[in-house]
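Inspection log for the structure reproduced underneath, given as structure tokens.
The values are calculated or read from the model by the stated rules, or taken from the named source; none is laboratory data. Note that the coordinates shown come from a computational prediction; the quantities given were computed from them, not determined experimentally. Remember, those area values only see protein heavy atoms, side chains included, never the ligands or the DNA or RNA. Shrake-Rupley method; radii C 1.70, N 1.55, O 1.52, S 1.80 Å.
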Amino acid sequence: MNTFVHDLKIYNYTVSQTEVTNLFNNNSLTNPLSVSNINSTSVPTNSASIFYTLNTNNFSATSNVKYGLTSGDLTSSVTGFNASANTTTPGTVDIVGLQPNIQYFYLVEATNSAGTTQSPVLNFTT
């Protein structure tokens, strides 16, 4: 009996579940979804506005902003905006109820049927 392996790929690191899904769906390790143009402003002393763009690349997507007092503890979150398939959608998310004169860390997380992607961790000070 002959056995064949089709489409063998070897990586020098552990492939995540999202990457496995992307390989299955898109034959690529990368999720076609991306977050770009991330910027924050903090005008009042107890809130901040996070600006970003979702690049959906043919998949509808949802987003949220995770934030916290350290870069490794982003346990709070606010719901972001949605983007339709095959669009590049800019938007703003407001975070309210913050403490004055405090540095906060945040990232933007976007999800679609191909998986989830996260921005780098950024920061702002109220």
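Along the three principal axes, how long is segment 63-111 when you take its alpha carbons, biggest first, rounded to the nearest angstrom?
Principal-axis extents of the Cα atoms in segment 63-111, largest first: 39, 20, 13 Å.
Whenever you get a sec, compute what percent of the accessible area on segment 71-123 sits on carbon and sulfur atoms (1.4 Å probe).
Reported share for carbon and sulfur atoms: 44 percent.
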